[in-house]
Amino acid sequence: MKQIETKVIIQNTVTDIIGCSGLDYYREPLFGYAAAADPIFHSYQTVIGPGHFLPTDLLPQAQTVFAFFLPFTKSILEDNRTGHYASREWAQVYIETNQLITEISQEIKNRCRARGINYEFQPPTYVFDRELLIANWSHRHIAYACGLGTFGRNNLLITRKGCGGRFGSGVLDILLFPTPRPDVIRHCFQQTRNCNYCVKVCPVAAFSGPHFRRHACYGQCLKNDAYYTDLGSCDVCGKCVTGPCGYLEDNS
Ligand code: SF4
Ligand code: SF4
């Protein structure tokens, strides 16, 4: 019973904070869980990098990993479809969503603590090695482990609501039922519809080689940051999110 109650409390916290924010950028969030002892988290130290944190690095007594996805509305994605630079609205949404995810995470922590449960999280961004550009806590890989989607040609996690949106994640010291992971790649249409939208739209050809050209991508993000100096820190681009997998109707 405590398992179900805890999930309700956590999930209500996410929707409460979105509601209080007054921001209308998002559709209904998605939630997923994984066992902290799942071997997938050790595998990330090989797949992503040896510095990738384990759940126990965030919380020594971690038992469950939690991830949520805030899917953007269609208009946010459409706004970023054209132009070399990220749209102004996309940059603004990025900044405000970073703040929102931090607020959500802090409030989950507060509400869990009030019930004797510990929650620890990583910030929504800037959790990466600045030279190697490798994440220490990749929210999208954590979300994959928590059953929220599968990876597409664009290197992003595509959920049943698309890949246009943002992830947050953290760990808890209570055991909660894990969310089953999809067993097949879904929602990337490269094979089924010969889609290569993300490859073609990228302004720096980041998908042109055998490996994702992360430094080229980040260079473009920094150009956008410099372009919108009046907004604040917005090293973002997101053109590869605006294709057919960016916004999906949730047919579960
Ligand atoms: S844009 Fe097309 S090829 Fe690229 S990830 Fe999305 S569905 Fe796959
Ligand atoms: S975020 Fe922009 S620069 Fe980076 S891979 Fe996607 S389209 Fe290319």
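The values are calculated or read from the model by the stated rules, or taken from the named source; none is laboratory data. These numbers were taken from a predicted model, which means no experiment stands behind them. Note: ideal-geometry Cβ built from the backbone for every residue, glycine included; neighbour counts use all protein chains shown.
So the values come out like this:
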quantity: Top-ranked residue of the range 155-168 - restricted to ones that are surrounded by 24 or more Cβ atoms within 10 Å (Cβ to Cβ) and out of contact with any Phe, Trp or Tyr (no Cβ under 6 Å at 6 or more places or on another chain), ranked as farthest from C240 (Cα to Cα); calculated: K161
quantity: Identity of the residue in the range 18-27, touching a helix residue (DSSP H, G or I) at 6+ places or on another chain (Cβ under 8 Å) and surrounded by fewer than 18 Cβ atoms within 10 Å (Cβ to Cβ), that ends up farthest from G246 (Cα to Cα); calculated: S21
quantity: Any hit, the range 244-252, residues being surrounded by fewer than 17 Cβ atoms within 10 Å (Cβ to Cβ), without any contact (Cβ under 8 Å) to a residue 60 or more places away in the chain and polar (S, T, N, Q); calculated: no
quantity: Checking A226 against (1) more than 15 Å from ligand 2 (Cβ to nearest atom); (2) modelled with pLDDT of 95 or more; (3) over 21 Å from the mean Cα position of the chain (by Cα), the condition it does not meet; calculated: (1)
quantity: Test: residue in the range 168-184 that is more than 16 Å from the chain's Cα centre (by Cα) and near ligand 1 (Cβ under 10 Å from one of its atoms); calculated: no
quantity: Condition check for Y44: at pLDDT 95 or above, surrounded by 14 or more Cβ atoms within 10 Å (Cβ to Cβ) and touching a His at 6+ places or on another chain (Cβ under 8 Å); calculated: yes
quantity: Checking C20 against (1) in a helix (DSSP H, G or I); (2) over 30 Å from D79 (Cβ atoms), the condition it does not meet; calculated: (2)
quantity: Residues of the range 158-187 satisfying the condition of being without any contact (Cβ under 8 Å) to a residue 60 or more places away in the chain and in contact with a strand residue (DSSP E or B) (Cβ under 6 Å, 6 or more places away or on another chain); calculated: P182, I185, R186
quantity: Selection within the range 193-252 - within 16 Å of ligand 1 (Cβ to nearest atom) and assigned to a helix (DSSP H, G or I); calculated: R193, Y197, C198, V199, K200, V201, C217, K239, C240, V241
quantity: G147 being among the small types (G, A, S), closer than 26 Å to L248 by Cβ and crowded, with 21+ Cβ neighbours inside 10 Å; calculated: no
quantity: Breaking point among (1) more than 12 Å from ligand 2 (Cβ to nearest atom); (2) touching a strand residue (DSSP E or B) at 6+ places or on another chain (Cβ under 7 Å); (3) not hydroxyl-bearing (S, T, Y), for N196; calculated: (2)
quantity: Residues (surrounded by fewer than 16 Cβ atoms within 10 Å (Cβ to Cβ), at pLDDT 90 or above and among the charged types (D, E, K, R)) located in the range 170-200; calculated: K200
quantity: Residue satisfying all of: in the range 105-136; among the acidic types (D, E) and surrounded by 11 or more Cβ atoms within 10 Å (Cβ to Cβ); nearest to L175 (Cα to Cα) among these; calculated: E120
